[in-house]
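To start, the structure under review is shown below, and the notes come after it.
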């Protein structure tokens, strides 16, 4: 069953990307459509990570069976939150800072869980490992990008203060 869930999640991710591209190509995009798409993406993220966590919870020892899913879900949400808040509040998008791979993008997160679900058919616990990896990747990305954003924001503030005095 985890393999089917992983494949369905991956297909939904692909379809989600295609619908946005189609809206742009047909000049049917809107701010509300973008907002709704983002909200539904976060809901799907929660459901996908929670489902993977529930399916694999018996492979994690206590208390990790509760901590890991919480970190995986919160990490996935924090990636998106970091992007939107740093862009909105500071005018800095984390992906524009220092060349970096998008190791925690939504596509990568769902792909990790799909691979874990498919491998679960062969290796017991593979899905649990993919949930652990997801949590680690998300928090590594968030902490790294948060430090980069904070450093640039501090630099901009210092230069702004000097130029206005």
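The values are calculated or read from the model by the stated rules, or taken from the named source; none is laboratory data. Just so it is clear, the structure is predicted and the values come from calculations on it, not from any experiment. Quick reminder, even Gly has a Cβ in these numbers, built from the backbone with ideal geometry, and neighbours come from all protein chains shown.
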Note to self: I'd like the residue in the range 42-61 that is modelled with pLDDT of 85 or more and farther than 20 Å from residue 115 by Cα and, out of all such residues, is surrounded by the fewest Cβ atoms within 10 Å (Cβ to Cβ).
What the structure shows: 43
Next item on the list: Hey, can you tell me all the residues within the range 118-152 that are touching a helix residue (DSSP H, G or I) at 6+ places or on another chain (Cβ under 6 Å) and either part of a loop (DSSP other than H, G, I, E, B) or modelled with pLDDT under 90 (or both)?
Entry: 120, 121, 125
Next item on the list: Go through (1) in a helix (DSSP H, G or I); (2) under 28 Å from residue 157 (Cβ atoms) and name the single condition residue 92 misses.
Entry: (1)
